[in-house]
Each structure stands twice: as structure tokens, then as C-alpha cells.
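The values are calculated or read from the model by the stated rules, or taken from the named source; none is laboratory data. Just so you know, these numbers come straight off a predicted model, no measurement behind them. Neighbour counts run over all protein chains shown; Cβ positions are idealised from the backbone, glycine included. What goes into the accessible areas is simple: the full protein's heavy atoms, side chains included, and nothing from ligands, DNA or RNA. Shrake-Rupley method; radii C 1.70, N 1.55, O 1.52, S 1.80 Å.
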Amino acid sequence: MQSFPGFLNLQDRAVLVVGGGENAARKIRLLLKAGARVQVVASDLNAELSVLVAEGNVIHRAAVFTPALLDGMRLVIAATGEATDEIVATAAQARGLLVNVVDRADLSDFTVPAIIERGDITIGISSNGTAPLLLGRIRAQIEALLPARLGDLAALAGEFRGTVARVIRDAAPRKRFWERVFDGAVSAKVYAGDRSGARSALMAELNAVQDSVSGHVHLVGAGPGDPDLLTIAAQRALMDADIVLYDALVAPEILDRVRRDAERVPVGKRKGRHSVGQDEINAQLAAHAILGKRVVRLKAGDPFIFGRGGEEMDYLQQRGITVSVIPGITAALGCAASAGIPLTHRDLSHGISLVSGQLKDGTAQIAWADRARAGETIVVYMGLSQAATIRDRLLDAGVAPTLPVALIENGTRSDQQVSAGQLYGLPALAAQHGDGPVLLIIGKVAAYAQATATQQRRSA
């Protein structure tokens, strides 16, 4: 960080603004919202400031700036756009006052961020003065995520905060209570505009509190690797978690979205490197939940697509632990899209089979070979080491040796690699890939990946 973020308490504090134009007016609007006592120094005022002075909201000093005008001030803003701004900054800093010079980060002690308001919820976004137009785009993206009545929910929480603290004395169950309020029926009623119903629902939640209630486990899909493909629900769970048990295939950029003070436990399993057994993972999930923790089991892709999420859900529910499943974009969808491959196509493929490449010895045939012959798309997870076996068994089942295939390694990530060819050459293609997770796509639609693969080989 090049600057320290913070929020100033300016309630009933004196603030001096030098300048009478639109830049000054924009700052004064914010200062008045923050409860400041504003004095403006300028020979002339624009129409908006003239109204504020006439209404008694702002004191006007029609004078040339002098350092004496800084007496008694808590904060200073210079907004003339002229040489006077530098004079104001020098005088304020000599007195130990914080000063902001509009559009002059080099003269300022602080910058005014792009601001998002929802009642008592205030979000400030800064670029240290380097990209003000980008801030507007970021603000618009955040605005789209935040409910319009979020401030009403904050106000309701503030109204009940003291009561909840008296009723639920321990921090962990109190945290769970507020999580139910913010994620459940109470917040839904607030966002729908039913304040009375929300207040009643919150009181009902409080009356039903049981300090002995066990924790909760979220089975969360991390998607194929690109953090921008996380769902909003997944990001919320990562920010709420007390502890996150994550797989080896979860990208570091995804782990960066976990709340900073949450405990992180690697429990990854990869072929040939089983660091933690499934039974131990199940036991850890249950143990942390029983202690009342908010537990996230973070899995690459989707928990219910070759992720053993069903096994973990059964284990936990049998022990009375509540489980929620937050789906993720499975590798078949994310990696294929990233490589430009349509898994279905009206002219080429009318169906998809998702299969595991971890074949057991002695398997006589691949049942899904019939689908490949019929023109459907086969997507093979964890099949890199079995590429030769998969090729041979498909050929033995009568699949055409020229059927297009594609391999996608580290799909959706910055180091994604795509190779494409035909079924007979599948083992040679597999040999081009390394230790990253690789997805195999077999079918006519895989031909769409050939241009991407050729382009990548040329740039290598």
C-alpha cells in the first residue's frame, strides 16, 4: 500500500474549503453528509454553493486565502485549480493539518476515494491518484453487487447489537447468529422492504438461540482455476469461514479470496501423492464443525463432479451436522469454454459424457465408447496417465482413429496449454503436458481447439 486507508470522523468538526467552483462543491456535498461544519473561502461561488450558504449550511468567507483562516480547522481542501492551491497546502502542512488538493496527489496528504453508500455502510476505493476513471468502473461493478437496502440491514443490526451481545455472550455462537441474520430470512425481508417483518424475524431468531448448536460445513466449488469464475455465493462463504480445508488443485489465486484470519488446511489428494486420506478429511470436517466453527471444504471444479462431495455430505449429515453445497463451474465447462470448444453443437454433438480416467485394471471395455461412436462428446477427468489405454480401448470398440481430441492443461488459468489432434495420436499429445491438471475432450467438437493449439505452439 502506498497510502493508509481510513475513515475520518468529521461530525461537528470545522473544515475549510478554498475555492468556489464545481470541484469545491463536490467535496462540500460529501463533507456535509459527514456532518462537518464547512467554511468556504472564495471571492465568487457557483449557484449550488450560493444556495448552501443562503440556507445556512455553509459559512462563506469572501476573502483572499491567508494562513490565519486555518485557525480552528480540523481538515483543509484546496479546490481553486490555481497557484493558490499550493499556497494552501504549504500553509496547512506547516500547521500539521491534513490537506487535500483536488487533482494534485503530489500536494495532498490524503485523497478522496470513489465512494459507495448504503446507509451506514460506506465503501471507499482508491488508486492513489493514478487511475480515477478506472475507479468509476470498479465502483459501478461493486454497486451492482450490493443490495439497495443494505444500509437498512446495517441499521437493524445496530439496533439489536447490544441485546444480542447480552443474550449470546460467547463470540462463536454470536458470530453464527449474525451470519444467519445476514444470510437468511431476516436479510431477505429487509431487501424486500418489509422492515417490520425483518424485525420480527430477527427477534424470533434471537428467542430460538441455542448456544449448543454445532457448526456448519459448506462444500464449495472453486471452479477450474480462474478466480473470476468463483460464484458470489462461494466468495461469500470464503469470507465467512473460520477454517478452510482445500484441495491440491485449488489455485493460489482462489485461496487469496479466503478471509485473512481464517485457518487454512491443505488436504489435497493427487494421483501418486495422497497426502491426506478421505477418512481423515471427513473426520477433520466433523471435528471442526462440532467445535462450532464455520467450515469450508474447498474443492477444485464442482464438489459433486468427481469431487467426493457426496461422500463428505453423507458422513457429516449422519452426524447431525448441517451441510450446504455451493456449486462450482466444473472443469468440463470452464476449460472447454476457455479453449474455444463447444461441448455440444447442433451439427456435431448432441450429448456429453463426463467420465473419470482413473480406470481399474481388468476393465474389459469402456461403456461410453458407444456414445463416442454416436457422435457425442466425451470429457475425461484425470485421464492423462491413462491416455494410451483410453485410446486403445476406444479403437478396440470401433471408434474412428481420426476422431478429434483435445487436451487442456491448467484450463482458464494464465498458464493454460492446449494441444489438439486425432485419437490415434492421443498418447503423443499427452506426453506434451506436465504436472498440471489436464482435461481430455474426445469428439468432433474437439476440432475447434486446433487453431488455439497451433497458435500456442508457434508462440512457445
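So the values come out like this:
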| quantity | calculated |
| --- | --- |
| Test: residue in region 162-176 that is within 23 Å of the chain's Cα centre (by Cα) and either charged (D, E, K, R) or within 28 Å of Ala234 (Cβ to Cβ) (or both) | yes |
| Counted residues, region 414-442 - those being assigned to a strand (DSSP E or B) and either touching a residue at least 60 places away in the same chain (Cβ under 8 Å) or closer than 28 Å to Pro227 by Cβ (or both) | 9 |
| Subset of region 369-388 [crowded, with 22+ Cβ neighbours inside 10 Å and more than 35 Å from the chain's Cα centre (by Cα)] | Ala372, Ala387 |
| Unmet requirement for Ser108, which otherwise passes all of (1) over 30 Å from Ala78 (Cβ atoms); (2) more than 21 Å from the chain's Cα centre (by Cα); (3) of a type in the set (Ser, Thr, Tyr) | (1) |
| Any hit, region 31-46, residues being open to solvent by 50 Å² or more (accessible area, probe 1.4 Å), over 25 Å from Ser126 (Cβ atoms), among the polar types (S, T, N, Q) and out of contact with any helix residue (DSSP H, G or I) (no Cβ under 9 Å at 6 or more places or on another chain) | yes |
| Filter pass, Ala63 being farther than 29 Å from Gly151 by Cα and assigned to a helix (DSSP H, G or I) | no |
| Hits in region 121-161 - residues which are open to solvent by less than 60 Å² (accessible area, probe 1.4 Å), over 19 Å from the mean Cα position of the chain (by Cα) and touching a residue at least 24 places away in the same chain (Cβ under 8 Å) | Asn128, Gly129, Gly151, Asp152, Leu153, Ala154, Ala155, Leu156, Ala157, Gly158, Phe160 |
| Wholly within region 177-259, helices (runs of 4 or more DSSP H) carrying at least 3 residues that are open to solvent by 50 Å² or more (accessible area, probe 1.4 Å) and within 25 Å of Met313 (Cβ to Cβ) | 232-240 |
| Hits in region 340-363 - residues which are open to solvent by 50 Å² or more (accessible area, probe 1.4 Å), touching a Phe, Trp or Tyr at 6+ places or on another chain (Cβ under 8 Å) and at pLDDT below 90 | none |
| In region 298-339, residue surrounded by the most Cβ atoms within 10 Å (Cβ to Cβ) [restricted to those that are out of contact with any strand residue (DSSP E or B) (no Cβ under 7 Å at 6 or more places or on another chain) and either within 14 Å of Val379 (Cα to Cα) or among the acidic types (Asp, Glu) (or both)] | Leu333 |
